[in-house]
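First the structure, in the form of structure tokens, and then the observations on it.
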Amino acid sequence: MKFFIVLVAALALAAPAWGKTFTRCSLAREMYALGVPKSELPQWTCIAEHESSYRTDVIGPTNSNGSNDYGIFQINNYYWCQPSNGRFSYNECHLSCDALLTDNISNSVTCARKIKSQQGWTAWSTWKYCSGSLPSINDCF
């Protein structure tokens, strides 16, 4: 019996994170805790809604250039993260694309903020849904 308990505990520790589905408010609170200004949270939550339906474990379909987009903000592996298949990447965020697929969104937030600082909100094709008037995020706090 002890062996079984030890085996179950070991498997639980070794199990990969399968990702998480946030709500608009849970994402806003998590991003705020990670240092994102409240004034940007309506835009970030809108992008996450339209890019991944708030899911952290999404790998988008292959793009026309052969790249893929990863995680809650659908970050592209040609420019921003290193895919596990060894394909060339500029890897501007200096991380594995798999690091964008876990329920810990700190890597995704850091990389997405870097993208925004370099390219602005229009780096996301879904920005067209988020550039107008958005609901207040205040009800989440």
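Annotations for the structure displayed:
- Hits in region 111-130 (condition: in contact (Cβ under 8 Å) with a residue 60 or more places away in the chain and farther than 12 Å from N76 by Cα): R113, W121, T126, W127, Y129, C130
- Condition check for S117: open to solvent by 30 Å² or more (accessible area, probe 1.4 Å) and not charged (D, E, K, R): yes
- For region 60-87, filtered to residues that are under 10 Å from the mean Cα position of the chain (by Cα) and β-branched (V, I, T), the residue that is farthest from W124 (Cα to Cα) is I72.
- Among the candidates N91, N104, residue that is over 24 Å from F22 (Cα atoms) and in a loop (DSSP other than H, G, I, E, B): N91
- Residue identified as at pLDDT 95 or above, surrounded by 15 or more Cβ atoms within 10 Å (Cβ to Cβ) and farther than 24 Å from W127 by Cα among S96, S52: S96
- Failed criterion for W80 (all others in (1) open to solvent by 80 Å² or more (accessible area, probe 1.4 Å); (2) outside any helix (DSSP H, G or I) hold): (1)
- Going through (1) closer than 15 Å to K114 by Cα; (2) aromatic (F, W, Y); (3) without any contact (Cβ under 8 Å) to a residue 40 or more places away in the chain one by one, F88 falls short only on (1).
- Residues satisfying the criterion are present in region 37-49 (criterion: open to solvent by 40 Å² or more (accessible area, probe 1.4 Å) and either out of contact with any helix residue (DSSP H, G or I) (no Cβ under 9 Å at 6 or more places or on another chain) or part of a loop (DSSP other than H, G, I, E, B) (or both)).
The values are calculated or read from the model by the stated rules, or taken from the named source; none is laboratory data. All values reported here derive from a predicted model rather than from experimental measurement. In this analysis, Cβ positions are derived from the backbone assuming ideal geometry, glycine residues included, and neighbour counts consider all displayed protein chains. Each accessible area value is taken on the protein alone, full model and side chains, heavy atoms only, with ligands, DNA and RNA left out. Shrake-Rupley method; radii C 1.70, N 1.55, O 1.52, S 1.80 Å.
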